[in-house]
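Worksheet: one structure, shown below.
The values are calculated or read from the model by the stated rules, or taken from the named source; none is laboratory data. Because the structure is predicted, anything quoted here is derived from the model rather than measured. Reconstructed Cβ throughout: ideal geometry from the backbone, glycine too, with neighbour counts over all protein chains shown. To get the accessible areas, we keep the full protein, side chains included, count just its heavy atoms, and leave off ligands, DNA and RNA. Shrake-Rupley method; radii C 1.70, N 1.55, O 1.52, S 1.80 Å.
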Amino acid sequence: MRDKGTMRLLVCGGAGFIGSNFIHFLIEHQPEVAIVCYDELTYAGNLASLGTCLQHPHFEFVRGDINNAELLRHILQRCSIDHVINFAAETHVDRSIFQPLSFVDTNVHGTATILETLREVWTDPQAHRLVQVSTDEVFGSLGPHGSFDENSAYRPNSPYSASKAAADHLVDAYHTTYGLNTVVTHCTNNYGPYQYPEKLIPYMILAALEDRPLPIYGDGQNVRDWIHVKDHCSGVWAALTRGSTGRHYAFGSGCERTNLELVTLLCWLLDQKLGRSAEQATSRLMTFIQDRPGHDRRYALNPSRARTELGWEPVVDFEPGLTTTVRWYLEHREWWQPILERKAKLHFYHQ
Ligand code: NAD
């Protein structure tokens, strides 16, 4: 980092989908903030997602594991870090079904390592804050009506959501027991640029471009509340700068769609962009497959607290946001092509 800036932030997991969007967001909207991106660059991390941020005078990249307490301590001290935002995690539900222990290792033990290191280094905890980026999935599955909020009981169903839930409990325990200044955020399903192509939206776009099947789990009636990643980023910033210590904040956009509706819309958008005729319509590629075990039926979050206490509002409408996202993937082959070429086995896609 050439220039130390006015606030020094450590962004763990900043080379992933949401973390990299958050760093772009900061450089655009909060250019005085100095950023250290700390990321292990697992299969999901990608320096290319940081683009021109890598050259920014307030930016530094450190490759590191959140389980590496020694390196974390060194960076916190060397860079005089004021606040930490933890996006780092194993995030793909399908992978968590096949390799749950890596989720426990990163999401539970990694978060515990961050907490323990902060407890040691931050001797005046009130001068610093940790924002733990959690998910709506910790609350489990909803029926056809209603929504979860910050007071809902935790009922995680997948190894992914269970590991995120465990991390949240540790964060809350460090707040209560040691007075660490923490905030936990929960957000619904994100979409936007730089999302690893095993996740639903980029998976479908890239499969459609290559005329591969578009697999839809079960009856396609699982519902997700979709939010543009920029709106999540503004929420995380609001939680860091305006949230109350020890508090949880939920971000949702009220854009609920079944997976079938979402994929149908994606097919239509692709047909428009690619000029496909009725005979060549992308929807011909849709294929129903066996449901995944423990597939949550519906997620939705009530963002009233974030609205009233943080003054947060989502600003990106769903259809324009999705249209721009489709265009982004069509125009950024240089970003996703190397990922496909690495031939990492792309597990199925539903978040
Ligand atoms: P992602 O998988 O795209 O990125 C995760 C990043 O963490 C990658 O850059 C990876 O290299 C890094 N990482 C993984 N293990 C690490 C380790 N041990 N040490 C350091 N870095 C490590 O994930 P994402 O979609 O950007 O999600 C970010 C956070 O937001 C996660 O905590 C996730 O639970 C949460 N979240 C995601 C969504 C969503 O829709 N994607 C919704 C709500 C909450």
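Quick notes on this structure:
- The range 27-83, subset assigned to a loop (DSSP other than H, G, I, E, B) and charged (D, E, K, R), residue least open to solvent (accessible area, probe 1.4 Å): Asp82
- Looking only at residues of the range 84-118 that are part of a helix (DSSP H, G or I) and among the aromatic types (Phe, Trp, Tyr), we find that the one that is most open to solvent (accessible area, probe 1.4 Å) is Phe98.
- Failed item in (1) in contact with an Asp or Glu (Cβ under 7 Å, 6 or more places away or on another chain); (2) assigned to a loop (DSSP other than H, G, I, E, B); (3) basic (Lys, Arg), with Lys164 passing the rest: (2)
- Count - residues of the range 88-128 that are free of Cβ contacts under 8 Å to residues at least 12 places away in the same chain and farther than 21 Å from Asp39 by Cα: 2
- Only one of the listed residues (Thr323, Thr282, Thr264) is open to solvent by 50 Å² or more (accessible area, probe 1.4 Å) and among the β-branched types (Val, Ile, Thr). That residue is Thr264.
- Filter result for Ala165 (without any contact (Cβ under 8 Å) to a residue 40 or more places away in the chain, in contact with a helix residue (DSSP H, G or I) (Cβ under 7 Å, 6 or more places away or on another chain) and not basic (Lys, Arg)): yes
- On the stretch given as the range 39-55, residues that are within 10 Å of the ligand (Cβ to nearest atom) and touching a residue at least 40 places away in the same chain (Cβ under 8 Å) total 7.
- Selection status of Val133, within 12 Å of the ligand (Cβ to nearest atom) and touching a Pro at 6+ places or on another chain (Cβ under 7 Å): no
- The residue list His83, His29, His24, His58 contains one member that is more than 11 Å from the ligand (Cβ to nearest atom) and under 15 Å from the mean Cα position of the chain (by Cα), which is His24.
- Filtering Asn157, Asn189 for residues that are within 20 Å of the chain's Cα centre (by Cα) and near the ligand (Cβ under 10 Å from one of its atoms) leaves a single hit, Asn189.
To keep it simple, each residue is scored yes or no on (1) over 30 Å from Ala153 (Cβ atoms); (2) at pLDDT below 95.
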position	(1), (2)
Gly294	no, yes
Ala306	no, no
Glu309	no, no
Pro320	yes, no
Thr325	yes, no
Ile339	yes, yes
Arg342	yes, yes
